[in-house]
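Just below is one structure, and these are the notes that go with it.
Bear in mind that the values in this text are calculations on the coordinates, not laboratory data. Everything quoted here is computed from the prediction, not taken from an experiment. As a convention, Cβ positions derive from the backbone with ideal geometry for all residues, glycine included, and neighbour counts pool all protein chains shown.
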Amino acid sequence: MEITNNIIKKGLDGFAIKIIALGLMTMDHMHQFFSLNGIPIWFNCLGRLSFVILGIMFFYLRNNRKRMMIVYLMFSFAFFPFFNFSFKTAFYYDYQWMMIFSMPLMLLYNEKKGHGLKYLFYIYYPAHIFLFFFISGFIKWN
């Protein structure tokens, strides 16, 4: 409980946010390579083109966190299946609206740089793509 309170008080620095994003990106890629082996579709709910647009909006709103969160809420709810709602639709097909659950992480960002492990991300990205490609090929042929 003390660790949780400490994170809420101090927030998350840029490095912690990047590590979380790295994990979510990995889940997205796991679905791309292993969807036929049972990896659920919700693994790929992050890392899409819409997030580039959202990133641009965040750049212009970077000095106003309240407006940034309002835009993020509107962006998230734009994906909710209001007109064709069913639990199956909302959680298996039109699940992009669930990105709203990342809002607490964004609110915890404390605007500090954090650890400077720049090359971790340059090495990790191609390494995990190669690893998933190799494993999915191995599973497919066995």
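Three principal axis extents describe the C-alpha atoms of the range 97-141; from largest down they are 46, 32, 9 Å. Hey, with R₀ at 22 Å, roughly what FRET efficiency would Met98 and Asn63 work out to, going by the Cβ-Cβ distance, to 0.05? My answer for the efficiency is 0.20.
Could you tell me the convex hull volume per residue, in Å³, taken over the Cα atoms of the range 48-108? Intermediate results must be reported in sequence, preceding the final value.
Numbers: hull volume 5.2 nm³, N = 61.
Convex hull of Cα atoms, per residue: 85 Å³.
A protection proxy built from the mean count of other Cβ atoms within 10 Å ranks the segments 27-40, 116-129, most packed first, as 27-40, 116-129. Residues of the range 96-112 falling in the label zone of Phe83, defined by backbone nitrogen less than 20 Å from a point 7 Å along Cα to beta-carbon, are 96-98.
If R0 is 22 Å, what FRET efficiency do you get for Glu111 and Leu22 from their C-beta distance, rounded to 0.05?
Numbers: r = 20 Å, r/R0 = 0.89.
The value I calculate is 0.65.
Segment Leu36..Ala127, full-extension length gain: 30.6 nm, with 0.36 nm per residue of separation and the alpha-carbon distance subtracted.
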